[in-house]
1. Given N residues in segment 181-316, what is its alpha carbon radius of gyration divided by 2.2 N^0.38 Å?
2. Positive end of the dipole of segment 48-246, charges at C-beta (+1 Lys, Arg; -1 Asp, Glu), about the Cα centre: which of Trp178, Leu58, Ala129 has its Cα farthest in that direction?
3. Work out the charge dipole of segment 259-408 with +1 on the Cβ of Lys and Arg and -1 on the Cβ of Asp and Glu about the Cα centre, then indicate which of Pro394, Leu408, Ala270 is farthest towards its positive end.
4. Where nothing but the Cβ of Lys and Arg (+1) and of Asp and Glu (-1) is charged, how large is the charge dipole of the chain around its Cα centre, in debye to the nearest 20?
5. In what sequence, highest mean first, do 90-96, 253-259 appear when ranked by Cβ atoms within 10 angstrom?
6. Which order do Leu156, Leu373, Leu144 take when ranked by solvent-accessible area (1.4 Å probe, heavy atoms of all protein chains), largest first?
7. Testing the spin-label approximation: label points 7 Å from Cα along Cα→Cβ at Ala175 and Ala129. State their distance in nm.
8. Per-residue ellipticity at 222 nm for the chain, helices alone: DSSP H runs ≥ 4 residues times -39500 (n - 2.57), over residue total, nearest 500 deg cm²/dmol?
Amino acid sequence: MQNPSDGDRPPKPSIPRGSARLALPAPPAWLRRGPLREGAFTGRLHDARTATVVGRALGAAIAVSFVTGLISHYLQHPPGWAADRLPSRPSWGYRLTQGLHVATGIAAIPLVLAKLWTVYPRLFAWPPARSVGKALERLSIAVLVGTVLLQLLTGLLNTLQWYPWPWNFVPVHWALAWVAIGALLLHLAVKAPVIAEHWSRRSAGTVRLPAADGPDRRAFVLGVGAAVGAVTLTTVGQSFTPLKDFDLLAPRHPDHGPQGLPVNKTAAAAGITAARLADWRLRVAGPRPYELTLPELRALEQHTSLLPIACVEGWSKSAHWEGVRVRDLLDRAGAPPGARVRVVSLQQGGAYSVMEMGSSYARDPLTLLALALNGAPLSVDHGFPARIIAPNRPGVLQTKWVSRLEVLA
Ligand SMILES: Nc1nc2c(c(=O)[nH]1)N[C@H]1C(S)=C(S)[C@@H](COP(=O)(O)O)O[C@H]1N2
Ligand SMILES: [Mo]
């Protein structure tokens with residue numbers, strides 16, 4: 001019979017130094033019922049070894065998700081000094097990091113549920129806290145659990161483009177990531193001795209019996225691993241195309257869409273009508289401004305790039321794009337070599353109708369004002385007559401229905 005407590009060691013009788021002792025009365029007998037009664041939780045899987053084994057995997061998933069989230073944030077919102085220095089290579093970089101971001105976020109869901117199941121008997125520990133320090137630690141765990149659950153749930157719903165809340169997802173996801181990572185680091189620091197003690201099977205063998213591994217723990221860990229494997233296998237094909245045949249649960253399938261490529265915002269949804277496209281021409285503002293019709297653009301030197309669309313929501317797919325190099329268009333406007341460019345869409349309003357591109361992308365020979373996709377003229381949902389495609393950039397910045405390029409000083 002094991003009542004979970006720190007490190008599965010008997011509680012220290014001494015008062016922890018530096019924290020005031022709370023004068024808690026002995027719990028009244030009528031309260032010590034159900035889950036609050038002495039020894040209510042007898043399952044030995046609720047111990048520190050299980051918490052450590054599941055926690056290791058959960059920690060790894062959260063760490064990858066956090067780092068790839070930072071990458072995604074700074075590629076989308078670089079500070080001014082970095083905007084021209086962002087790497088445009090490897091061309092598949094964002095596809096990899098954002099695929100990992102969403103895959104590890106999804107994998108973290110069964111892991112966090114398993115972890116919560118392992119430790120939930122602690123919610124009923126009595127007394128609730130033995131010291132002010134312990135009370136603060138429990139508070140930090142409440143913050144950790146709350147923010148991690150909110151991040152994972154809202155992140156998952158974001159992959160479905162479903163926003164059943166009144167706040168803007170992106171800034172809240174960004175801010176909560178910092179709260180969650182701070183609370184996690186605090187948790188790891190507080191638990192460091194327990195984690196070290198239960199990290200490996202051998203270290204666990206030095207403490208009391210419940211920490212030793214047995215068939216029950218192996219079965220539990222195997223079950224959790226199977227759950228992680230199942231959610232990963234049925235979703236990761238949305239970006240890792242060799243597994244696309246198993247992509248049963250992800251909101252996007254990489255093959256479903258016109259010209260073999262998914263569409264996030266259709267022309268209809270963006271308010272792009274035939275009337276608005278009727279007298280389309282590309283306008284380029286710069287030291288030597290000019291305008292080009294579509295036949296004139298097609299008469300310029302055409303290049304092809306094999307580049308992915310990698311949506312922040314997790315799906316991605318590589319495609320063959322054909323069109324005019326952005327740097328050729330900028331040179332023609334007399335842009336200085338380090339110039340940045342603002343790209344304006346025919347779409348009116350919406351967060352993605354105007355985009356800025358630093359010089360590292362604008363000068364990259366792979367960056368195109370694309371006119372064709374996979375051997376055919378762009379379909380209207382993919383941005384006809386012209387769209388941007390650049391290497392190592394989030395899908396949200398691959399602007400469709402481009403009408404204007406502005407050379408920025
Ligand atoms: N003008 C405009 N361009 C846009 C968008 C948009 O809403 N408006 N959506 C972006 C997003 S979020 C993605 S993932 C890609 C998707 O490109 P696709 O529809 O050609 O696959 O286009 C980007 N370009
Ligand atoms: Mo996207």
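The values are calculated or read from the model by the stated rules, or taken from the named source; none is laboratory data. Computed from a predicted model, the values in this text were never measured in an experiment. Reconstructed Cβ throughout: ideal geometry from the backbone, glycine too, with neighbour counts over all protein chains shown. Just so you know, the surface numbers come from the protein's heavy atoms only, side chains and all, with ligands and any DNA or RNA stripped out. Shrake-Rupley method; radii C 1.70, N 1.55, O 1.52, S 1.80 Å.
1. Details: Rg = 27.1 Å, N = 136, 2.2 N^0.38 = 14.2 Å.
Output field value: 1.91.
2. Sorting the options by dipole projection puts first Ala129.
3. Going by the Cα projections, it comes out as Leu408.
4. On the way: 43 positive and 24 negative charges, 291 e Å.
In total the dipole reaches around 1400 debye.
5. Values: 90-96: 19.3, 253-259: 16.4.
The peptides rank, most packed first, as 90-96, 253-259.
6. Numbers: Leu156 60, Leu373 0, Leu144 20 Å².
From most accessible down to least: Leu156, Leu144, Leu373.
7. Rounded to a tenth, the inter-label distance reads 2.4 nm.
8. Numbers: 10 runs with 158 residues, N = 409.
Mean residue ellipticity at 222 nm (helix-derived): -13000 deg cm²/dmol.
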